[in-house]
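The values are calculated or read from the model by the stated rules, or taken from the named source; none is laboratory data. No experiment lies behind these values; they were computed from the predicted model shown. Positions of Cβ are generated from backbone atoms using ideal geometry, with glycine treated the same way; all protein chains shown enter the neighbour counts. Side chains are part of the model used for accessible areas, which takes the heavy atoms of the whole protein and leaves out ligands, DNA and RNA. Shrake-Rupley method; radii C 1.70, N 1.55, O 1.52, S 1.80 Å.
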Amino acid sequence: MKLLTHIGLGIGVILLSSCEPDEKELTSENDLPFPIEIPAGFPAMEVPNDNPITRGRVALGKELFFDPILSKDRSISCGSCHQPEFSFTDQEALSLGVEDRIGERNSPQLANVAFKPLFFKDGGIPTLELQVLAPFDNHLELDLNVVDAVNRLMNDAYYTKRFQEVFDENPSAFGLTRAIAAYERTLISGNSRFDRYFYQNEDVLNDAELRGLELFRSDELKCNSCHSGVFFTNFQYENVGLELNYVDSGRARITLDPADAGKFEVPTLRNIAVTQPYMFDGRFETLEEVIDFFASGGLEHPNKSELMQPFSISEEEKADLIAFLETLTDESFLNDPSHRP
Ligand code: HEC
Ligand code: HEC
């Protein structure tokens with residue numbers, strides 16, 4: 001008899017807890033891992049221990065990324081300079097910050113940013129979490145001290161609730177940087193026509209595109225000596241001879257080594273057809289101008305890479321090379337509604 005009662009009670013408890021929506025269950029929804037699909041050919045993603053990619057962090061990070069509440073005059077957000085349809089660039093030579101103040105460099109794309117070893121064109125920032133802080137204190141970007149930004153979120157009933165749901169605490173710089181970085185790690189682009197050809201063995205490239213690929217890899221052009229591997233970059237810093245005297249000294253800003261003057265990170269070429277204008281200062285409008293520059297071999301700066309040698313290229317070959325670069329566009333990434341607010 002006693003035993004039976006106990007069993008009866010036990011079952012009752014189980015039924016109760018599985019039927020009634022209680023608060024704990026809602027919280028744990030936020031803690032579930034966000035589904036990440038690593039495309040064929042990509043390396044594994046390294047994720048810091050203190051920032052698991054959870055559904056809650058990604059959703060909150062996305063809201064913050066596109067919310068102008070984080071700029072001094074509430075006019076711009078991260079998403080103003082990093083727009084999804086342009087692979088998270090902004091089509092400006094130099095990005096415009098609050099009050100249209102002109103920035104110092106061209107806005108880089110954020111596709112596959114999770115796989116980068118260092119951040120910024122000079123490699124001056126070691127983690128994605130730390131990077132989030134940079135635009136705040138920058139007078140030319142958000143121009144809002146991060147302490148003031150957090151206070152703004154604290155005074156906002158909606159964000160106080162959201163940070164409680166996701167981090168179990170009030171808005172903080174810790175939560176702000178973790179959420180945005182978690183969102184950025186979901187920006188994975190590996191579904192271009194080139195990927196389908198190269199990694200999935202589908203016969204999707206036409207003759208012009210295949211000729212362009214051969215040119216890209218050729219000993220004469222040597223594009224893939226620097227733009228190598230699955231991300232089309234070796235993540236090195238190189239001087240390509242854009243200037244004889246660089247006002248922006250690039251990598252040397254961080255290392256203070258004159259041998260690094262004028263060296264900038266070799267950028268990825270994925271989605272390159274939609275990220276114009278090009279180079280660290282957005283000096284070239286079109287891919288054709290970029291190719292003409294490489295064909296010239298660059299100016300004779302003492303730090304210029306030895307791989308930079310002039311080559312000749314016909315108009316038809318140039319068209320083929322551009323056709324190949326266009327196969328690196330990943331339409332499904334650029335149009336993915338889940339990346340948008
Ligand atoms: C005013 C335009 C502007 C705003 C606003 C802005 N960025 Fe950027 N972002 C840039 C520029 C320009 C760079 C390149 C800086 C450099 O290389 O020195 C950059 C670099 C980055 C990078 C490094 C990418 C790489 O390849 O190394 C990340 C990540 C990034 N921004 C994320 C953000 C986030 C998150 C925010 C909001 C908190 C934000 N940005 C706000 C213009 C902007
Ligand atoms: C010595 C290494 C090296 C070689 C060889 C090289 N590149 Fe680059 N490439 C770079 C660097 C470094 C930059 C960035 C320069 C800057 O930011 O100002 C760049 C920039 C670019 C850009 C603009 C990217 C952007 O986001 O602004 C394109 C397009 C490009 N290269 C294509 C090519 C092609 C095509 C070839 C072959 C003809 C080639 N590169 C050869 C190092 C190289």
Notebook entry, point to check: Quick one: how many lysine pairs in the chain have C-alpha atoms under 26 angstrom apart, if they're 8 or more apart or on different chains?
Noted result: 20
Notebook entry, point to check: When the Kirkwood radius is taken over all Cα pairs of the chain, what Stokes-Einstein diffusion coefficient follows at 4 °C and 1.567 mPa s, in µm²/s?
Noted result: 58
Next item on the list: At a 1.4 Å probe radius, which order do F198, F293, F163 fall into by accessible area, largest first?
Entry: F198, F293, F163
Next item on the list: Please report, as a whole percent, how much of the solvent-accessible surface of the chain comes from carbon and sulfur atoms (probe radius 1.4 Å).
Entry: 55
Margin query: Along the charge dipole of segment 193-334, pointing to its positive end and built from +1/-1 on Cβ of Lys, Arg, Asp and Glu, which listed residue (L242, F294, F284) has its Cα farthest out?
Written below: L242
Notebook entry, point to check: How high is the relative contact order of segment 193-334, given as a whole-number percent (alpha carbon pairs under 8 Å, six or more residues apart)?
Noted result: 31
Item checked: Theoretical FRET efficiency, 1/(1+(r/R0)^6), r = Cβ-Cβ of N155 and E285, R0 35 Å, to 0.05 -> 0.20
Next item on the list: Would you mind classifying segment 110-240 by shape? Square roots of the alpha carbon gyration tensor eigenvalues, ordered a ≥ b ≥ c; an a/c under 1.5 is rounded, otherwise it is prolate if a/b is larger than b/c and oblate if not.
Entry: prolate
Check: For the chain, with the dipole built from +1 on Lys and Arg beta-carbon atoms and -1 on Asp and Glu ones, taken about the Cα centre, which of G229, S28, P39 lies farthest toward the positive end?
Finding: S28
Notebook entry, point to check: Which shape class, rounded, prolate or oblate, goes with segment 23-188 when its Cα gyration tensor gives a ≥ b ≥ c as root eigenvalues, a/c under 1.5 marks rounded, and past that a/b bigger than b/c marks prolate?
Noted result: oblate
Item checked: Accessible-area value, Y159, 1.4 Å probe, nucleic acids and ligands omitted, Å² -> 10
Next item on the list: Order the following by accessible area, largest value first: M45, M154. Probe radius 1.4 Å; ligands, DNA and RNA are ignored.
Entry: M154, M45
Checklist line | Within segment 289-314, backbone nitrogen closer than 18 Å to the virtual label 7 Å beyond the Cα of L244 toward Cβ | finding: 296-305
Item checked: Solvent exposure, largest accessible area first (probe 1.4 Å, DNA, RNA and ligands not counted), of I180, I38, I125 -> I38, I125, I180
Margin query: What number comes out for accessible area per residue over the chain if the probe is 1.4 Å? Units Å², please.
Written below: 50
Note to self: With +1 assigned to the C-beta of every Lys and Arg and -1 to the C-beta of every Asp and Glu, and no other charges, what is the dipole magnitude of the chain about the Cα centre in debye, to the nearest 20?
What the structure shows: 1080
Check: Taking only C-alpha pairs under 8 Å that are 6+ residues apart, what is the relative contact order of the chain in percent?
Finding: 19
Check: For the pair E169 and E220, what calculated FRET efficiency results from E = 1/(1 + (r/R0)^6), where r is the Cβ-Cβ distance and R0 = 41 Å, to the nearest 0.05?
Finding: 0.10
